[in-house]
Amino acid sequence: MASKLSAILPDLSPWHSSRDFRLLWGQGLITYFGSFMAMIALPLQIKDLTESPLAVGAMGAVELVPLMVFGLYGGALADAMDRRKVILWTEAGLGLLALLLLVNSLLPDPMLWPLYVVAAGVSALAGLQRPALDSLMARIVPHDQLTAAAALNALRWQAGGILGPSLAGVVVAYAGHATAYGITIVTFAVSVVMCLRLAPAPAARDAERPSLRGIAEGARYAWSRPVLMGTYAVDLLAMVLSAPMAIFPFLADDLGAEWSLGLMYASISVGSVALSLTSGWTSRVQRHGLLLIFGAMAWGLGIVAAGVLDSVWLVLLALAFAGAGDMLSGLARSTIWNQTIPDGLRGRLAGIEVLSYSVGPQMGQVRAGAMAGWTGTRPAVWAGGVACVAVVGALAAAMPKLVAYDASTDTDAQRRRAEKEAAPL
């Protein structure tokens, strides 16, 4: 019985093998909790000020350009300087932006435009930080533990994703936006202290300064690898077509269950956690491209169900199913990226990855908000899910190398394994 449970439960090997992994895991849990508090409070405040789904969806448009520009530059920065310093300074900057939200919310008449300015600033700093975080993981975790590390990181993210939204709805309803923003500030302060304890992660001695030429070099590498391009395409298009989170406040109203808003956001995380808690089997999977396709299609099917069902409880269950699919897709993407990309290009490729998994949801918010204003909330949800399933199926047919990816035989994966074994932790 114990052996059967160990085959299902999360693989904790990265916890035991890497001190920095434990620090980043704890720091990330605290940061995600605070970030989700602000993520719920901010669109709710825009909704309270405007009562417009388009105004809420426009937050995605405001965030899009900074994320694209600073995500690419952040990738080059991660390859050119100490990745620990990038993480530390951007984390401090995010805390200062939360302070601006707090100050605005305490005004007698809170202003709308600072909310969009802060949203753009958060997007820029997240774009700078994420490549450093992602590219650091393959350096501090053994090659064979990368899937397990991805599952544990996702579990951390989803734990924050459950607690943050669930409590944020209650906090905003009973204590106001200012309290939610205040909690966010405290979490970032704690996170900065933990980042200070990380070991330095300097760039290679021959690393070049951040430049357009360096970014282009990373883009050429990605373009030359059909498997990598496939992971980007599947995630980007799935999110552009079927990421309706921005209109959840209106979906809750449509269902006559305003109280369920926080639970809608949290349900996606509940599904992801359920998958993460039973992710032991994923450490033995070799066909990660196929896993990616299955996960993305499951996400789309869950979104379809959330848009057509009339019971709020069934909608929450559908969103949990979608979250499990998204988690499966995310594990596959992260493993392929970390298994195949050279360390010297990892930051720049992580910058491209930021565009893949971050720009998509932002564009999805715009798509959902605009379509909801035209067709109504429910069609904007289910139609996006249908489009996701259709497009992912077409991509699977058009990209056979992605579907056929096998970590035990892929040339790049085997080369990265050999490099890791030659330079052990």
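Helix 343-354 and the long axis of the chain differ in direction by around 20°, with both axes built from C-alpha atoms. For the options Leu42, Leu212, Leu167, a Gaussian network treatment of the chain with springs between C-alpha atoms closer than 10 Å singles out Leu212 as fluctuating the most. In sequence order, the stretch 163-170 has phi-based couplings of 5, x, x, 4, 7, 4, x, 5 Hz under the Karplus curve 6.51 cos²θ - 1.76 cosθ + 1.60, θ = phi - 60°, and Gly or Pro positions carry x. Between the helical axis of 212-223 and the dominant principal axis of the chain, each derived from Cα atoms, what acute angle in degrees is found, rounded to the nearest 10? Its long axis makes an angle of about 80 degrees.
Applying the Karplus relation 6.51 cos²θ - 1.76 cosθ + 1.60 with θ = phi - 60° to the stretch 102-111 yields 3J(HN,Hα) values of 4, 4, 5, 5, 8, 5, x, 10, x, 8 Hz, where x marks Gly and Pro.
3J(HN,Hα) along the stretch 320-335, derived from phi through the Karplus expression 6.51 cos²θ - 1.76 cosθ + 1.60 where θ = phi - 60°, amounts to 5, 4, 4, x, 5, x, 4, 5, 4, 4, x, 4, 5, 4, 4, 5 Hz, with x in place of Gly and Pro. Protein-only accessible surface at a 1.4 angstrom probe places the residues Ser123, Ser408 in the order Ser408, Ser123, largest first. Site pair Trp89 and Asp48 shows an inter-label distance of 3.5 nm when each label is modelled 7 Å from Cα along Cα→Cβ. Descending by average beta-carbon neighbour count within 10 Å, the peptides 249-257, 141-149 line up as 141-149, 249-257, the highest first.
Count neighbours as other Cβ atoms within 10 Å of each site's Cβ, and list the GluC sites (Glu not before Pro) in the stretch 35-121 that are DSSP loop with at most 15 such neighbours. Let's see the in-between values first.
Values: sites: Glu51, Glu63, Glu91; in loops: Glu51.
Answer by residue number: Glu51.
If you run the Gaussian network model on the chain, springs between alpha carbon atoms under 10 Å, then out of Asn153, Asn338, Asn104 the most flexible one is Asn104. The relative contact order of the chain comes to 29 percent, based on Cα pairs under 8 Å that sit 6 or more residues apart.
Taking the Cα atoms only, what angle lies between the long axis of helix 53-80 and the longest principal axis of the chain, rounded to 10 degrees? Once rounded, one gets 20 degrees. Using a Gaussian network model of the chain in which every pair of alpha carbons under 10 angstrom is joined by a spring, one finds that among Tyr232, Tyr32, Tyr221 the greatest mean-square fluctuation is at Tyr221. In loop segments of the stretch 185-281 as defined by DSSP, the trypsin sites (Lys or Arg not before Pro) with at most 10 further C-beta atoms inside 10 Å of their C-beta are Arg205.
In a reduced charge model with +1 at each Lys and Arg Cβ and -1 at each Asp and Glu Cβ, the stretch 185-321 shows a dipole moment near 820 debye about its Cα centre. In the chain, carbon and sulfur make up what percent of the accessible area (probe 1.4 Å)? C and S fraction of accessible area: 70 percent.
Multiplying the sequence separation of Ala390 and Val103 by 0.36 nm and subtracting their Cα-Cα distance, what value in nm do you get? Show your work: numbers first, answer last.
Working: separation 287, 0.36 × 287 = 103.32 nm, distance 4.52 nm.
Extending this stretch completely gives an extra 98.8 nm.
The mean accessible area for residues of the stretch 217-308, using a 1.4 Å probe and ignoring ligands and nucleic acids, is 35 Å² per residue.
The values are calculated or read from the model by the stated rules, or taken from the named source; none is laboratory data. As the structure is a computational prediction, the values presented were derived from the model and not from experiment. Cβ sites come from the backbone with ideal geometry, for glycine too, and all protein chains shown count toward neighbours. In case anyone asks, the SASA skips ligands and DNA or RNA and just uses the protein heavy atoms, side chains included. Shrake-Rupley method; radii C 1.70, N 1.55, O 1.52, S 1.80 Å.
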